[in-house]
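Notes follow once the structure below has been shown.
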């Protein structure tokens with residue numbers, strides 16, 4: 001217990017140092033209770049059901065207990081600016097496979113098609129979520145803009161004596177970037193009416209970040225990679 005207290009104090013002190021540092025500080029959080037939780041909107045799930053699309057968590061990602069629309073990604077690092085504000089966050093090693101069996105009269109009819117989104121990162125300055133894109137059976141393109149977002153509840157780190165730091169944030173109104181929209185159309189081989197269903201989705205849901213200076217078993221930080229055919 002003494003070791004954990006020393007480690008907690010060290011990490012909390014590092015976060016506090018960031019408040020006076022001249023530049024941003026990136027801190028590993030893979031051994032902390034720090035998660036990003038994505039909940040897909042009802043309209044997104046309805047569109048997936050209509051088009052036969054399923055979502056499978058891979059790597060560090062897990063489905064929230066008892067749900068099919070909510071996925072948990074351990075936050076592996078955060079970047080804190082000189083004002084003790086979160087400038088960026090990463091969930092390296094987490095991935096989601098978005099796939100279906102291609103329907104008749106599509107190029108890959110009867111075969112599994114789709115995309116793996118991996119190694120998520122949030123850029124608060126750009127207000128975008130980024131991920132590596134890998135079409136099933138294809139080549140990975142790294143760090144592609146996935147979603148634009150709105151900050152519903154800003155993430156502010158809260159300090160409580162003696163060196164307890166927590167943070168919570170909600171990002172909502174997740175909308176596909178043009179790059180992400182086209183990637184889904186191409187990889188899922190969407191037909192015209194299915195593209196219409198995709199474009200009718202006003203939001204893909206929300207992301208909630210919770211960070212605590214409390215320890216858990218360390219999660220791997222290596223980027224998730226898709227085995228090439």
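The values are calculated or read from the model by the stated rules, or taken from the named source; none is laboratory data. These numbers come from a predicted model, not from an experiment. Methodologically, a virtual Cβ is constructed for each residue, glycine included, from the backbone with ideal geometry; neighbour enumeration extends over all protein chains shown.
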Run down 152, 65 and say which single residue is free of Cβ contacts under 8 Å to residues at least 60 places away in the same chain, part of a loop (DSSP other than H, G, I, E, B) and surrounded by fewer than 22 Cβ atoms within 10 Å (Cβ to Cβ).
-> 65
In the range 171-229, the residues that are assigned to a loop (DSSP other than H, G, I, E, B) and within 19 Å of residue 49 (Cβ to Cβ) | 188, 189, 190, 191, 200, 201, 202, 203, 204
Taking the range 24-62, which residues are at pLDDT below 90, farther than 20 Å from residue 123 by Cα and part of a strand (DSSP E or B)?
-> 32, 33
Would a scan of the range 205-225 turn up a residue that is crowded, with 16+ Cβ neighbours inside 10 Å, under 24 Å from residue 39 (Cα atoms), at pLDDT 95 or above and touching a helix residue (DSSP H, G or I) at 6+ places or on another chain (Cβ under 9 Å)?
-> yes
Looking at the range 183-203, which of its residues are within 21 Å of residue 112 (Cβ to Cβ) and touching a strand residue (DSSP E or B) at 6+ places or on another chain (Cβ under 9 Å)?
-> 183, 184, 186, 187, 188, 189, 198
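For the structure I just gave you, tell me whether residue 96 is assigned to a strand (DSSP E or B), in contact with a helix residue (DSSP H, G or I) (Cβ under 9 Å, 6 or more places away or on another chain) and either closer than 27 Å to residue 31 by Cβ or at pLDDT 95 or above (or both). Explain how you work it out, then say what you get.
Working: assigned to a strand (DSSP E or B): yes; in contact with a helix residue (DSSP H, G or I) (Cβ under 9 Å, 6 or more places away or on another chain): no; either closer than 27 Å to residue 31 by Cβ or at pLDDT 95 or above (or both): yes.
The answer is no for residue 96.
If you check 143, 119, which single one turns out to be crowded, with 16+ Cβ neighbours inside 10 Å and part of a strand (DSSP E or B)?
On the way: 143 fails: crowded, with 16+ Cβ neighbours inside 10 Å.
Of the residues listed, the single one that is crowded, with 16+ Cβ neighbours inside 10 Å and part of a strand (DSSP E or B) is 119.
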Tell me which of these residue 80 doesn't satisfy, since it passes every other one: (1) more than 16 Å from the chain's Cα centre (by Cα); (2) at pLDDT 95 or above.
-> (2)
